[in-house]
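Since the structure comes first, as structure tokens, the remarks are kept for the end.
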Amino acid sequence: MTAADWTTIGQPQDIRLVVADMDGTLLDERSRIPDGFWPMLARLKRRGVEFVPASGRQYATLRNMFADKAAEILDGGELSYIAENGNVVAIDGNIAEVHGVDTDVTRWTIDTVNASAAAGEYDMGLVLCGLRTAYVQRTDKPFLDEVGKYYAALEIVDDLHSVLEDVIASNGESDTMLKLAILDFDDAEAMAAEKLTPLKNDYQVVVSGKLWVDIMNATTDKKQGVEALQRVLGVTPAQTAVFGDYLNDLLMLEAGDWSFAMGNAHPDLKAAARYIAPSNVEHGVLKVVDRLVA
């Protein structure tokens, strides 16, 4: 499929659900919510259109970014969210779906990352992404600064194995491991191809950014989150617009007939999308939504 330019869209469409990735998509070049987003959210509310952030970011992080200002616009209500690349779906402030990874893959990933980092093969570290909080054992400032962008609830531990053992001992009541996120400062895609191939038959190994790779349940992705929202809201794919920029957004594009790859998107995403939107630096999501919804 050859994607068309967004400007070929003519009259406004019957859109009821807008789902947008965050980094490289909705957020600007400084990873900030554009000022024009809030007036757009107010216009969408008046027209009965639901806006949903869909991100690899933590649920707590997304709520920190949006909740206060959104409550003013939504008369005290909350946005719905697709967090942790679909492992958490929250609808109107209530967590509706949670998916996780098992202890075997968690233990294997901890050992693999620790061994590779100790050998100097890759400059990487692991984040165990729990529903309650995220956990790390690497403590240098560059690592914590990068992790802190995406995980507002973060706990530093001496050994990630101890977190896993606590989860096992409590029969999962202490926390739920949603996904395993590897931060690689060199080349996440190349690292995943070399180190994580043994997992690909049983788990999703998703390159979610230039520095990040996520290991997740094989049946979980952002697309599943969009479909859950569609069921609850009574919205069809023909009434759904979806925006993304990287490989963790690839399947999500299938959930909306109005699928957009940003101008700065990965080539594979541009090949899969129906339309090409302006880049995130050009506030492409805002421009396209204004065209779609008038």
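The values are calculated or read from the model by the stated rules, or taken from the named source; none is laboratory data. This is a predicted model, so every value here is computed, not measured. Quick reminder, even Gly has a Cβ in these numbers, built from the backbone with ideal geometry, and neighbours come from all protein chains shown. Note: accessible area is taken over every heavy atom of the protein model, side chains too, but ligands, DNA and RNA are not part of it. Shrake-Rupley method; radii C 1.70, N 1.55, O 1.52, S 1.80 Å.
Would you calculate a helix-derived [θ] at 222 nm for the chain, using -39,500 (n - 2.57) for each DSSP H run of n ≥ 4 and dividing by the full residue count, to the nearest 500? Walk me through the numbers before you get to the answer.
On the way: 9 runs with 95 residues, N = 294.
Rounded to the nearest 500, it is -9500 deg cm²/dmol.
With a sphere of radius 14 Å drawn around the Cβ of Arg46, what net charge do the other residues whose Cβ falls strictly inside it have (Lys, Arg +1; Asp, Glu -1)?
That works out to +1.
Before I look further, what does the range 105-153 give for accessible area per residue, probe 1.4 Å, in whole square angstrom?
Ligands and nucleic acids excluded, the figure is 41 Å² per residue.
Can you give the angle from 0 to 90° between the axis of helix 103-118 and the longest principal axis of the chain, with both taken from C-alpha atoms, to the nearest 10?
Computed tilt is about 70 degrees.
Quick one: length gained pulling Asp268 to Arg107 fully straight, 0.36 nm per residue minus the C-alpha distance?
On the way: separation 161, 0.36 × 161 = 57.96 nm, distance 3.14 nm.
Here the answer is 54.8 nm.
For the pair Thr2 and Glu121, how long in nm is the line joining their label points, each one 7 Å along Cα→Cβ?
With each label placed 7 Å out from Cα toward Cβ, I get 4.3 nm.
May I ask you to derive the relative contact order of the chain, considering only C-alpha pairs under 8 Å and at least 6 residues apart, and to give it as an integer percent?
Relative contact order, the chain: 24 percent.
If one takes the longest principal axis of the Cα atoms in the chain, at what angle in degrees, from 0 to 90 and to the nearest 10, does the Cα axis of helix 222-233 lie?
That works out to roughly 50 degrees.
Once ligands and nucleic acids are excluded and a 1.4 Å probe is used, how much of Glu254 is accessible, expressed in Å² to the nearest 10?
Near enough 110 Å² of accessible area.
What is the sum of charges around Met216, taking Lys and Arg as +1, Asp and Glu as -1, for the other residues whose C-beta is under 10 Å from the C-beta of Met216?
Values: positive: Lys179; negative: Glu84, Asp214, Asp221.
Counting the neighbours of Met216, the net charge comes to -2.
Rounded to the nearest 20 debye, what is the charge dipole size of the range 213-269 about its Cα centre when +1 sits on each Lys and Arg Cβ and -1 on each Asp and Glu Cβ?
That gives the range 213-269 a dipole magnitude of about 180 debye.
Could I have the simple spin-label model distance between Ala71 and Glu146, label points 7 Å from Cα toward Cβ, reported in nm to one decimal?
Distance between the two pseudo-spin positions: 3.4 nm.
What trypsin sites (Lys or Arg not before Pro) in the range 1-77 are in a loop by DSSP, with at most 12 other Cβ atoms within 10 Å of the Cβ?
Sparse-neighbourhood loop trypsin sites (Lys or Arg not before Pro): Arg30, Arg32, Arg47.
Pulled fully out, how much extra length does the chain show between Ala238 and Glu155, if you take 0.36 nm times their separation in residues and subtract their Cα-Cα distance?
Length difference between fully extended and current span is 25.7 nm.
I'd like the accessible area for Asp23: 1.4 Å probe, protein heavy atoms, all chains in place, Å² to the nearest 10.
Counting only protein heavy atoms, Asp23 exposes about 40 Å² to solvent.
Can you give the angle from 0 to 90° between the axis of helix 59-73 and the longest principal axis of the chain, with both taken from C-alpha atoms, to the nearest 10?
Approximately 30 degrees, to the nearest 10.
So how much accessible area does Tyr246 have, in Å² to the nearest 10, using a 1.4 Å probe?
Its accessible surface works out to 40 Å², give or take rounding.
What is the Cα centroid distance between the range 132-190 and the range 98-122, reported in whole angstrom?
11 Å
Please report the net charge: other residues with Cβ closer than 14 Å to the Cβ of Glu146, K and R +1, D and E -1.
-1
GNM, the chain, Cα, under 10 Å: largest mean-square fluctuation among Val167, Val207, Val19?
The residue that fluctuates most here is Val167.
Mean-square fluctuation check for the chain, GNM, Cα pairs under 10 Å: which of Met216, Met262, Met65 is largest?
Answer for the Gaussian network model of the chain: Met65.
Where a Cα-Cα gap under 21 Å defines reach, which lysines qualify for Lys141, not counting those fewer than 8 residues away within the same chain?
Lys149, Lys210
Of all accessible surface on the chain at a 1.4 Å probe, what whole percent is carbon and sulfur?
Values: 5800 of 12300 Å².
Carbon and sulfur atoms account for 47 percent of the accessible area of the chain.
How do Asp92, Asp28 rank by accessible surface area computed with a 1.4 Å probe, from largest to smallest?
Asp92, Asp28
If I compute Cα extents along the principal axes in Å from the structure I just sent, which labelled value in (1) 57, 40, 34; (2) 58, 44, 36; (3) 68, 45, 35 lines up?
Label of the calculated value: (1).
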